[in-house]
Every structure is written in C-alpha cells, then in structure tokens.
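One structure below.
The values are calculated or read from the model by the stated rules, or taken from the named source; none is laboratory data. Model, not experiment: these values are computed from the prediction. Cβ coordinates were reconstructed from backbone atoms using ideal geometry, including for glycine residues, and neighbour counts include every protein chain displayed. Calculation scope for accessible area: heavy atoms of the full protein, side chains included, ligands and nucleic acids excluded. Shrake-Rupley method; radii C 1.70, N 1.55, O 1.52, S 1.80 Å.
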Amino acid sequence: MPELQRLRPDHAPALLAFEEENRAFFAASVPDRGDDYFTHFAARHADLLAEQAAGACHFHLLMAEGGEVLGRFNLVDVADGSAALGFRLAEKATGRGLATATVRELFTLCTTAYGLTRLRAAAAVTNTASRSVLTRTGFVPTGEAPLLSGKRGVGYVRELATGLSDGV
Ligand SMILES: CC(C)(COP(=O)(O)OP(=O)(O)OC[C@H]1O[C@@H](n2cnc3c(N)ncnc32)[C@H](O)[C@@H]1OP(=O)(O)O)[C@@H](O)C(=O)NCCC(=O)NCCS
C-alpha cells in the first residue's frame, strides 16, 4: 500500500526519476519545470529541505512499496495556521482515487502534526481532474480567479478546524 512520507535527502534519486518520467504528462496540465530544474535537481532538492526545516513548507511523497515515487503533495507558504496545497501524481497511478485519498490523509497530518486549520489551492479552469479532487475533498471555491501561468484559474479554500468527521 502506498505510504505518504515527509521529504528526505535520500528521496532525491526516486523523485528525480518521477519528475523525468512524467514530465510530458505534467506539462499537459501545469507549467513545465524547465530544463534547469532537471540539470540542477540536487541543489533544488537541498533548497526544498532547507525551506522545510525552517517550517515554511511541508513536502510529502507518496511512495510505492518498492521505493518508487507515485506522487508529491506539497504544503507551501505556511503561515498563521494556513498553507497552500499542491499535488501531482505519476500518470500510471492516476484514475484510481489515489490523489483524493492522499489529500484526505494529508488533512489529518495538517491538524495533528502541523497545526494548520486552513488550506488554500488553485487549479486551472480546464484542469478537471485536479478540480474534481479538490471538490471531492471539501475544498470550496473562493470566488477568486487567479491567473496560473496565463491560464484562468479557480481559487479554493478548505477549513480544517471543523468537519473533520464528515468523510475526511
Ligand atoms: C490531478 C491529479 C493529481 C489527479 O489524480 P488522480 O489520482 O487521478 O485523482 P483521483 O483518481 O483521486 O480523482 C480524479 C477525478 O478526476 C476525474 N478525471 C480525471 N481526468 C479527467 C478528465 N480529463 N476529465 C474529467 N474528469 C477527469 C476522474 O474521473 C476522477 O473523478 P471520479 O473518481 O469522480 O471519476 C493527476 O491527474 C495529476 O497529477 N495531474 C497532473 C498534475 C496536476 O494537474 N496537478 C494539479 C495541479 S492544480
């Protein structure tokens, strides 16, 4: 069964493989990371771990039993009990509810380990899969329409302090 793990230094090779293998799949829905990301992956990984150690972010990988990365679920801009959620799943792991289940699992971590009471998220209007995951896990549209790399987006919020018994 896949396991959600907090990002660690030794995750680097598996995470790089995940990003390389799924680069074209991700680029169809979210902006491509660019060649520099892959060239300077080790430095970028170290930067993320430093940000995490400082408490500004909480990064997670969904790991398969064999040590393969199936997805990443990131909480960034942590402040005042709130954070922004972002996620991506390996193409071959999509379509079986893994993102939905993992976001729900993350809610528990948010309230028990991270002291978060509110999550924000945004998805392109055209990103049906992401919007479906957000809606199914109780995110509600804020009415904001952020531009996401030039694409029209939908802003969402999920209050975590209440409703933790209603399917989360
Ligand atoms: C978004 C993403 C994480 C969803 O992962 P997933 O594990 O397939 O999600 P789930 O199976 O939990 O739910 C996906 C839902 O979207 C639906 N869906 C998937 N693709 C769809 C599409 N093209 N059109 C309509 N619905 C779609 C699925 O049917 C499912 O809904 P259902 O169970 O009611 O049928 C994954 O597709 C992904 O990583 N995409 C690329 C990166 C990305 O877009 N990240 C989000 C940025 S905001």
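Over the residues of the chain, the helix contribution to mean residue ellipticity at 222 nm works out to -10000 deg cm²/dmol, using -39500 (n - 2.57) for each DSSP H run of at least 4.
Using a probe of 1.4 angstrom and keeping all protein chains present, the accessible surface of the chain works out to 52 square angstrom per residue. Extension gain for GLU21 to THR39 (0.36 nm times residue separation, less C-alpha to C-alpha distance): 5.0 nm. Note that the chain carries a Kirkwood radius of 16.5 Å, evaluated over its alpha carbons pair by pair.
So if R0 is 35 Å, what FRET efficiency would VAL76 and MET1 give, r being the distance between their Cβ atoms, rounded to the nearest 0.05? Computed FRET efficiency for VAL76 and MET1 comes out at 0.85. Across the accessible surface of the chain, with the other protein chains kept in place and a 1.4 Å probe, carbon and sulfur atoms take up 54 percent. If the segment from LEU147 to ALA54 were pulled out straight at 0.36 nm per residue, it would be longer than the present Cα-Cα gap by 30.6 nm.
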